[in-house]
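Heads up, the thing below is written out as structure tokens.
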Amino acid sequence: MQFPILAMAISALGMCRIADVNPDPQDLLVLLAVSRSGRYTTAATTLGLNHTTVARRISALETALGGRVLARTIGGWELSDLGRRAVQAAEGVESAVRLLQSPDAATAVTGVVRLSATDGFSAYVAAPAVAALQRDHPALQVEIVTVTRRALQQRSGLDIEVVVGRPQVHRAEAFHLADYTLGMYASRDYLDAHGAPADLGELAQHPLVYFIDSMLLVDDLDAPRRLVPTMRDSLTSTNVFVHVEATRAGAGIGLLPCFVADRHPDLVRILPGVVDEHLPYWMVLRPESLTRPAVAAVVEALRRRLADMADQLEGAPGR
């Protein structure tokens, strides 16, 4: 006799063209692991199997369902429409198995959650938020990939993306998280040697520390080229912490996130009433990730951390 949850899970595939046999629940769980990692090898490690076994089980599942459940993309494996329905069933199987282990296991915050975000967000928002969450849920594992880019259209293996600017996505859910402020900063030593600019005209005469223009993928971050287009690049990098340290070392004037720069007493904010860029953080989640207790817990932890950091995100203009 099937458990009610398991029966409901299998019935979720009712609209699919199923062959003579029902799908094996173990094959569904293998698909679930692949959908979360986007890779056979990672799913195999998680399940304690080898790559060949994972491939064989996926093939058996596709035979049982009469169609492809995965499609190869540049970033890994993506679910097909049939695969998404199969994953819904797999989550029901997973819940049924957890209920056998413990009455509270169905909502346990366990497993691996993979998050991508910018450098500053990862270090000062995500890392402390996850650490606090893990104190109550030590079985939770979180992988943070630091990158500054637009939201991906194929997000194999990613549960949560945090990007700058409103994303244009399909087959995903996007939510506004919070706004943060960018300001111009210089070190005290730099200002002693070169003087503080009194307006945008004088600011344009100083070298800029910022992103590499040709490699900048986020339009919202192109503020210097719009505000002070004649500032010449000094030291540029794809990493915001390089911007901070280069500015502290006197390489020029850096356009920096206030919640990162204000941590350093040797940095002084320049023209706060003139250069005051407000940018939004947005979160993108795959539909299949939304139902996972671990993902939901990480999302809530990020929201709490951002709420606690509201003043830091805004910056201190008079600092």
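The values are calculated or read from the model by the stated rules, or taken from the named source; none is laboratory data. Since the model is a prediction, treat every value here as computed from it, not as a measurement. As a convention, Cβ positions derive from the backbone with ideal geometry for all residues, glycine included, and neighbour counts pool all protein chains shown.
See the values below:
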item	result
Criterion: charged (D, E, K, R), closer than 26 Å to ARG303 by Cβ and in the same structural domain as ILE270 (by TED's automatic domain parsing) - qualifying residue of ASP189, ASP199, ASP220	ASP220
Residue in segment 26-43 that is at pLDDT 75 or above and outside any helix (DSSP H, G or I) present	yes
Which listed residue is in contact with a Pro (Cβ under 7 Å, 6 or more places away or on another chain), surrounded by 14 or more Cβ atoms within 10 Å (Cβ to Cβ) and modelled with pLDDT of 95 or more, from TYR190, TYR185, TYR210, TYR180	TYR180
Any hit, segment 107-122, residues being farther than 17 Å from ARG39 by Cα, surrounded by fewer than 19 Cβ atoms within 10 Å (Cβ to Cβ), of a type in the set (A, V, I, L, M, F, W, C) and modelled with pLDDT under 90	yes
Condition broken by GLN88, with the remaining ones in (1) under 29 Å from ALA139 (Cα atoms); (2) modelled with pLDDT of 85 or more; (3) polar (S, T, N, Q) satisfied	(2)
Residue selected from segment 278-312 under the condition within 13 Å of the chain's Cα centre (by Cα) and β-branched (Val, Ile, Thr), by the criterion farthest from LEU177 (Cα to Cα)	VAL295
Where LEU133 falls short, out of the listed (1) in contact with a strand residue (DSSP E or B) (Cβ under 6 Å, 6 or more places away or on another chain); (2) under 22 Å from ALA310 (Cα atoms)	(1)
Filtered residues of segment 38-77 (kept if of a type in the set (D, E, K, R) and buried (at least 21 other Cβ atoms within 10 Å of the Cβ))	ARG57, GLU62
Among the candidates ASP311, ASP220, residue that is modelled with pLDDT under 90, among the acidic types (Asp, Glu) and surrounded by fewer than 19 Cβ atoms within 10 Å (Cβ to Cβ)	ASP220
Among the residues listed as ARG72, ARG57, the single one being charged (D, E, K, R) and over 19 Å from ALA89 (Cα atoms)	ARG72
Flag for HIS264 being modelled with pLDDT of 95 or more, touching a Lys or Arg at 6+ places or on another chain (Cβ under 7 Å) and not aromatic (Phe, Trp, Tyr)	yes
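Let's see how each residue does on (1) over 14 Å from LEU271 (Cβ atoms); (2) among the hydrophobic types (A, V, I, L, M, F, W, C); (3) within 20 Å of the chain's Cα centre (by Cα):
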site	(1), (2), (3)
ILE144	yes, yes, yes
GLU161	yes, no, yes
TYR210	yes, no, no
ALA223	no, yes, no
